[in-house]
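Data block below; observations after.
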Amino acid sequence: MTTFAIAHGGGDVGWSWHLVATALQAKGHTAVAPDLPIEDESKDLTDWAQALTDALPSTEDVVVVGHSFGGFVAPLAAASINAKALVYVTAMLPAPGETPGDWWENTGYTDSGLEDKFFHDVPPDLAAEAQKRERGMSENSMAKPWPSDAMPNVPTHFILCTEDRFFTPDFMRKVVETRLPAVEPAELAAGHCASLSKPQELADLLANYAR
């Protein structure tokens, strides 16, 4: 049985992954997705990663997952516990010493111009609940450099969402090619919030990395 440690995205909560957690549990796995201390100005990315690993029942047989902004958190957690694998889901890929605030310009991010970038393929009831649970982000988290000097030396995977209107597929492919050149992304026909729009399909992909 593998435990999946999930770092949610910016302004988000662990609840957004409850359907994926249920699907993984049906396959015999465990999933933890704690609410990271994203609003606390006294906490930094290292503290966020610590909050994720502190939620684990054990550090044995763990796959760490980072979604969106969680891409800045997941590799720190994976390195600290020597994870079985690291999986990015339509996630920001940090460079050593890079601040999250600088990531956008450094990667050449451009806005898609579409109105609904997040919930266009999410069932309305789940979209409404997700929006009610949204939180703020600390300024400290955006301004402090990513503290690692390299990506962790663990098996690494990337799930690219082909209907993502926030991190569009063409943009995301370029980022992966530049920052994870040895990784061929797996593709999922979903928008940015795949954990709510395609939870079973996402769980199926994640479970493959537990093998």
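The values are calculated or read from the model by the stated rules, or taken from the named source; none is laboratory data. These numbers were taken from a predicted model, which means no experiment stands behind them. Neighbour counts are summed over all protein chains in view; Cβ atoms, including those assigned to glycine, are modelled from backbone coordinates with ideal geometry.
Annotations
- Segment 157-205: number of residues that are assigned to a helix (DSSP H, G or I) and in contact with a helix residue (DSSP H, G or I) (Cβ under 7 Å, 6 or more places away or on another chain): 8
- Pairs, first more than 29 Å from Thr46 (Cβ to Cβ) and without any contact (Cβ under 8 Å) to a residue 40 or more places away in the chain in segment 126-140, second exposed (fewer than 13 other Cβ atoms within 10 Å of the Cβ) and among the hydroxyl-bearing types (Ser, Thr, Tyr), C-beta under 8 Å, six or more apart: none
- Residue in segment 39-55 that is surrounded by the fewest Cβ atoms within 10 Å (Cβ to Cβ), counting only those that are of a type in the set (A, V, I, L, M) and under 14 Å from the mean Cα position of the chain (by Cα): Leu45
- Look at (1) out of contact with any Pro (no Cβ under 6 Å at 6 or more places or on another chain); (2) buried (at least 24 other Cβ atoms within 10 Å of the Cβ) and you find that Asn82 fails only one, number (2).
- Residue within segment 30-37 that is acidic (Asp, Glu) and in contact (Cβ under 8 Å) with a residue 24 or more places away in the chain present: yes
Each row is one residue, and each column tells you yes or no for (1) modelled with pLDDT under 95; (2) within 30 Å of Gln50 (Cβ to Cβ); (3) surrounded by fewer than 22 Cβ atoms within 10 Å (Cβ to Cβ); (4) small (Gly, Ala, Ser).
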residue	(1), (2), (3), (4)
Asn153	no, yes, yes, no
Asp170	no, no, yes, no
Arg179	no, yes, yes, no
Pro185	no, yes, yes, no
Leu196	no, yes, no, no
Glu201	no, no, yes, no
Asn208	no, yes, yes, no
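- Hits in segment 29-68 - residues which are among the charged types (D, E, K, R) and in contact with a Lys or Arg (Cβ under 9 Å, 6 or more places away or on another chain): Asp35, Glu39, Asp44, Glu60, Asp61
- Taken over segment 25-37, the criterion of being buried (at least 18 other Cβ atoms within 10 Å of the Cβ) and either among the aromatic types (Phe, Trp, Tyr) or part of a loop (DSSP other than H, G, I, E, B) (or both) is satisfied by His29, Ala33, Pro34, Leu36.
- Any hit, segment 125-145, residues being under 21 Å from Ala189 (Cα atoms), among the charged types (D, E, K, R) and over 17 Å from the mean Cα position of the chain (by Cα): yes
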